[in-house]
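Below: one structure, written as structure tokens.
The values are calculated or read from the model by the stated rules, or taken from the named source; none is laboratory data. Quantities reported herein were computed from a predicted structural model and do not represent experimental measurements. Here the Cβ is made from the backbone with ideal geometry for all residues, glycine too, and neighbour counts use every protein chain on show. For the accessible areas, the whole protein counts, side chains as well, though only heavy atoms, and no ligand, DNA or RNA atoms are used. Shrake-Rupley method; radii C 1.70, N 1.55, O 1.52, S 1.80 Å.
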Amino acid sequence: MGAHEHLGRRRFVVGAGTALLGGGAVSGAEAAVVDGPLPEFHPALKDALTFPLAWGRSPVRDFRAWRRAARATVEEHLLVERQDSTPYAPEFGDRSPGDGFTRESVTVSLTRYERVRGVLLTPHGRGPFPAVLLLHDHGARFDIGKEKLVRPWYDETRLASARPWADKYFSGRFVGDELARRGYVVLCLDALGWGDRGPLAYEQQQALASNFYNLGSSLAGLMAREDQRAAAFLAGLDRVDARRVAAVGFSMGAYRAWQTAALSDHIAAAASVCWMTGLKEMMVPGNNTLRGQSAYYMLHPGLARHLDIPDVASIAAPRPMLFFHGGLDPLFPAEGVRVAYDKLRAVWRARNAEERIRVKTWPELGHVFTDQMQDEVFSWLDDVL
């Protein structure tokens, strides 16, 4: 037996990966996957990500010009064209009295592909009112979407599912109802796969995303475009003060909130709870993102070659933005949150608007949006809108 035959498979493949990265070739080398689904050479892929279009790194020094260029780069990677010429053609129905507000269903065309049903809450009194585009989470729970945030007065079965969800994540509250009681018009719609647009099975997500890519489109891009259009629809309602529209979300909804603020000038402020991190710091062994599946709703292929996650959120600067994080949140490593917060602060500081960004870690909390966190968000909205 030759000396090379004593080498373990892992040692051999590491050597093979090193040779290939160095431009060499290894005959018969096996593909290696480590730490679950990460490729053996993932550190080299990370090192190649320098985010050259980030503010401060980009050669563009005029912020407005940078903002236009960065937004155009993000939009190019959505793989879904703008839908500005598609009529919303809203249909309203299923009205019901709430506690200080009126509930109604609304069905709109956010794209030319499909009609989307949502809920609209309007405070009692004379408008126009400030408004919130309320964006639901993922949570691997697909039978309810908008119902996670707005009490479903129209369906007892969904209410039975929504109540324990609100208990688990929102201290028993329906966040949309709380906002409407405080005087905000609230719009909440189902993303593809949830509620009236589902229910999708967890294990179907990756195939759904793959099919979008095969069709020259993108699941994450569709969600981004729909949220962008929803913001414009909400701002255009007669009952809404178009200058005072915010995006608010938890978990995937938080991602959607800052992303919508980056892509839409209709959003005057955004509050994001439990979704902000540096990409490199998130892509570590054991992180939920590495499992695929749910990650496809937030994956724009190739965008990381240009911008980090907080760089995209920074396109919204210098508008007011709030980011909360639970110190015990297993989905977002503390180092990733720190890196992201530092980048965000730097951008707002460069715009002489550091007072307009609020970042906070709740050390005793996990992946939740508790009543105490909600009350701080509500007070912040009252101040900035």
>> Please go through the stretch 295-316 and give me each residue that is assigned to a loop (DSSP other than H, G, I, E, B) and open to solvent by 30 Å² or more (accessible area, probe 1.4 Å), ordered by number.
In response: Leu299, Pro301, Gly302, His306
> Pick from Gly286, Gly278: which is among the small types (Gly, Ala, Ser) and at pLDDT below 95?
Replying inline: Gly286
> If a residue has to be in contact (Cβ under 8 Å) with a residue 60 or more places away in the chain, open to solvent by less than 30 Å² (accessible area, probe 1.4 Å) and in a loop (DSSP other than H, G, I, E, B) to count, how many in the stretch 282-294 make the cut?
Replying inline: 1
> In the stretch 327-357, which residue that is in a loop (DSSP other than H, G, I, E, B) and over 22 Å from Val368 (Cβ atoms) is least open to solvent (accessible area, probe 1.4 Å)?
Replying inline: Ala353
>> From the list Phe212, Phe233, exactly one residue is under 30 Å from Glu76 (Cα atoms) and either touching a helix residue (DSSP H, G or I) at 6+ places or on another chain (Cβ under 7 Å) or outside any helix (DSSP H, G or I) (or both). Which is it?
In response: Phe212
>> Being part of a helix (DSSP H, G or I) and either among the aliphatic types (A, V, I, L, M) or crowded, with 23+ Cβ neighbours inside 10 Å (or both) is the filter here; which residues of the stretch 133-168 pass it?
In response: Lys146, Glu147, Lys148, Leu159, Ala160, Ala162, Ala166
>> What pairs come out if I take residues in the stretch 295-314 that are more than 18 Å from Ala271 (Cα to Cα) and pair them with residues that are open to solvent by less than 20 Å² (accessible area, probe 1.4 Å) and assigned to a loop (DSSP other than H, G, I, E, B) whose C-beta lies under 7 Å away, six or more apart or interchain?
In response: Tyr297/His138; His300/Ser218; His306/Phe51; Leu307/Phe51; Leu307/Ala54; Asp308/Phe51; Asp308/Ala54; Asp308/Gly278
>> Just the residues that are of a type in the set (D, E, K, R) and over 30 Å from Val284 (Cβ atoms), please, taken from the stretch 31-85.
In response: Arg61, Asp62, Arg64, Arg67, Arg68, Glu81, Arg82, Asp84
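Residues that are in contact (Cβ under 8 Å) with a residue 60 or more places away in the chain and on the phi > 0 side of the Ramachandran plot: which strands (runs of 3 or more DSSP E) entirely in the stretch 85-129 hold 1 or more of them?
The strands (runs of 3 or more DSSP E) meeting that bar are 91-97.
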> Among the listed residues Arg68, Arg82, Arg64, Arg10, which satisfies the condition of being surrounded by fewer than 16 Cβ atoms within 10 Å (Cβ to Cβ), at pLDDT below 95 and in a helix (DSSP H, G or I)?
Replying inline: Arg10
> Which of the residues that make up the stretch 251-280 are within 9 Å of the chain's Cα centre (by Cα) and in a strand (DSSP E or B)?
Replying inline: Ser272
>> Restricting to the stretch 146-178, name every residue that is of a type in the set (A, V, I, L, M) and without any contact (Cβ under 8 Å) to a residue 24 or more places away in the chain.
In response: Leu159, Ala160, Ala162, Ala166
>> When you scan the stretch 199-207, do you find a residue that is out of contact with any Ser or Thr (no Cβ under 6 Å at 6 or more places or on another chain), open to solvent by 10 Å² or more (accessible area, probe 1.4 Å), among the small types (Gly, Ala, Ser) and outside any strand (DSSP E or B), even just one?
In response: yes
>> Against the definition (in contact with a strand residue (DSSP E or B) (Cβ under 9 Å, 6 or more places away or on another chain) and among the hydrophobic types (A, V, I, L, M, F, W, C)), how does Leu331 come out, yes or no?
In response: no
> Has the stretch 317-326 got at least one residue that is open to solvent by 20 Å² or more (accessible area, probe 1.4 Å), of a type in the set (A, V, I, L, M), part of a loop (DSSP other than H, G, I, E, B) and under 26 Å from Tyr184 (Cβ atoms)?
Replying inline: no
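For every residue, the table says whether it meets (1) open to solvent by 10 Å² or more (accessible area, probe 1.4 Å); (2) out of contact with any Gly (no Cβ under 7 Å at 6 or more places or on another chain).
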{"position": "Tyr184", "(1), (2)": "no, yes"}
{"position": "Ala209", "(1), (2)": "no, yes"}
{"position": "Phe212", "(1), (2)": "yes, yes"}
{"position": "Leu219", "(1), (2)": "no, yes"}
{"position": "Gln228", "(1), (2)": "yes, yes"}
{"position": "Arg256", "(1), (2)": "no, no"}
{"position": "Ala262", "(1), (2)": "no, yes"}
{"position": "Asp265", "(1), (2)": "yes, yes"}
{"position": "Lys280", "(1), (2)": "yes, yes"}
> among the small types (Gly, Ala, Ser), under 25 Å from Ala295 (Cα atoms) and crowded, with 20+ Cβ neighbours inside 10 Å, is that true of Gly118?
Replying inline: yes
